[in-house]
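To start, the structure under review is shown below, and the notes come after it.
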Amino acid sequence: MVLGRISDDPKTHYEQLKPLLDYVVPRMRDVGITEGRILMARDVQQMTSYLRRDRVDWVTETAGTAMRLQERARARPLLLTERGGVDRYRGVFFVRRDSGLEKLADLTGRTVAFQNTASTSAYFAPAMELLDAGQRLEILLSPMDRPAPDSVGYVFARSEMNVATWVHKRLVDAGVVSNLDWEDVRRMPPAFRADFRIIHETPDYPRALEMVRGDLSPKVEARLREVLLQAANDPDAREALQLFFRTTRFLPVDSTSQQTLDHLRQGVLRVREHVE
């Protein structure tokens, strides 16, 4: 069983992934799994290649990136991942209280800071909302760059703290973080937030997903799903789940979640086509 992850910090992620893989593998002997391995990819393109060449069986990713892997490599959603007791989150657009900005339409000719190109709540979802609102998005060279009068200029700040700082210092007009980060004082200092106002929120999306390659054996897939679903009730899995990005449990992909993922997949394609 090969567990994959797109990573810019392989050593740290290896330490987060390995305990859960070590928990899972012994419980899959009845379907022929006797050992486990971790394989990191530097980006979506490399992970797509791994999945197409059957070098990775199971991938843990954010929902937006997971939908890119489904579209490009025919990976399939296995389970939803609940982290820190939360299985869904959304993007929050915020501005300075003294900005005069009230709604998405007011961002025409203005600038917004997203987090990074892999973020569901702070890139894919808000970009989809702007496109749905009829806005044209234009990537900027830096926060000091300005968009065309009929566009919304965007930049990537790389971290939630940078997004908050850039808005607070008026380097950009608006920022987007997840609702979880909005409430987290480590990522959104209360002194900053007191000067901010939310002008829009995206719909909720799954926090994270476990994906499997499209041609994984049905018996192996079924057993992996069973082991992961039962893990939350097994004391032996508690530490491994905590290390696995603070996972509290895995959940089935129900019909409502599937509809949300289908909408997200189409939105991600639209963002890739019209924004990038």
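Looking across the stretch 40-94 at every residue that is crowded, with 17+ Cβ neighbours inside 10 Å and small (Gly, Ala, Ser), the one that is nearest to residue 268 (Cα to Cα) is identified as 64.
Scanning the stretch 227-237 finds no residues that are within 18 Å of the chain's Cα centre (by Cα) and more than 23 Å from residue 2 (Cβ to Cβ).
Would you mind stating whether residue 241 is buried (at least 17 other Cβ atoms within 10 Å of the Cβ), under 16 Å from residue 77 (Cβ atoms), modelled with pLDDT of 95 or more and not basic (Lys, Arg)? So residue 241 does not fit the description; no. Put simply, of 137, 130, 104 the only residue that is buried (at least 18 other Cβ atoms within 10 Å of the Cβ) and without any contact (Cβ under 8 Å) to a residue 40 or more places away in the chain is 130.
Among the residues of the stretch 124-169, just one is among the small types (Gly, Ala, Ser) and in a strand (DSSP E or B), namely 153.
Determine whether residue 97 is in contact with a strand residue (DSSP E or B) (Cβ under 6 Å, 6 or more places away or on another chain), in the same structural domain as residue 169 (by TED's automatic domain parsing) and either closer than 20 Å to residue 249 by Cβ or surrounded by fewer than 19 Cβ atoms within 10 Å (Cβ to Cβ) (or both). Please lay out each step first, then the result.
Working: in contact with a strand residue (DSSP E or B) (Cβ under 6 Å, 6 or more places away or on another chain): yes; in the same structural domain as residue 169 (by TED's automatic domain parsing): yes; either closer than 20 Å to residue 249 by Cβ or surrounded by fewer than 19 Cβ atoms within 10 Å (Cβ to Cβ) (or both): yes.
Here the answer is yes, as residue 97 does meet what is asked.
With the condition kept exactly as written, say whether any residue in the stretch 260-271 is surrounded by 15 or more Cβ atoms within 10 Å (Cβ to Cβ) and farther than 19 Å from residue 91 by Cβ.
First pass over the stretch 260-271, keeping only residues surrounded by 15 or more Cβ atoms within 10 Å (Cβ to Cβ): 260-261, 264-265, 267-268, 270-271.
Checking the rest, the ones that are also farther than 19 Å from residue 91 by Cβ come to none.
Looking for residues that are surrounded by 15 or more Cβ atoms within 10 Å (Cβ to Cβ) and farther than 19 Å from residue 91 by Cβ, one finds none in the stretch 260-271, hence no.
One residue stands out among those in the stretch 244-273 that are out of contact with any helix residue (DSSP H, G or I) (no Cβ under 6 Å at 6 or more places or on another chain) and polar (S, T, N, Q): the one that is nearest to residue 77 (Cα to Cα), which is 258.
Has the stretch 209-225 got at least one residue that is within 19 Å of residue 122 (Cβ to Cβ), of a type outside the set (Ser, Thr, Tyr) and not assigned by TED's automatic domain parsing to the domain that holds residue 111? Outline the logic, then answer.
Going residue by residue through the stretch 209-225, those that are within 19 Å of residue 122 (Cβ to Cβ) are 209.
From what's left, of a type outside the set (Ser, Thr, Tyr): 209.
Adding the requirement that they be not assigned by TED's automatic domain parsing to the domain that holds residue 111 leaves 209.
Yes: one or more hits.
If you go through the stretch 43-65 and pick out every residue that is aliphatic (A, V, I, L, M) and closer than 20 Å to residue 218 by Cβ, you end up with 3.
Criterion first (at pLDDT below 95 and either outside any loop (DSSP other than H, G, I, E, B) or within 26 Å of residue 86 (Cβ to Cβ) (or both)) does residue 117 satisfy it? Yes, satisfied.
Restricting attention to the stretch 156-167 and to residues that are surrounded by fewer than 22 Cβ atoms within 10 Å (Cβ to Cβ) and in contact with a strand residue (DSSP E or B) (Cβ under 7 Å, 6 or more places away or on another chain), the residue that is nearest to residue 98 (Cα to Cα) turns out to be 166. Of all residue pairs spaced 6 or more apart or on separate chains, those with beta-carbon atoms under 9 Å, a first member in the stretch 203-224 that is surrounded by fewer than 21 Cβ atoms within 10 Å (Cβ to Cβ) and a second member that is in a strand (DSSP E or B) and among the hydroxyl-bearing types (Ser, Thr, Tyr) are 204/89. Considering 14, 89, 50, the condition of being without any contact (Cβ under 8 Å) to a residue 60 or more places away in the chain and either under 30 Å from residue 170 (Cα atoms) or in contact with a Gly (Cβ under 7 Å, 6 or more places away or on another chain) (or both) is satisfied by 50 alone.
The values are calculated or read from the model by the stated rules, or taken from the named source; none is laboratory data. All values derive from a computational prediction rather than experimental measurement. Neighbour counts run over all protein chains shown; Cβ positions are idealised from the backbone, glycine included.
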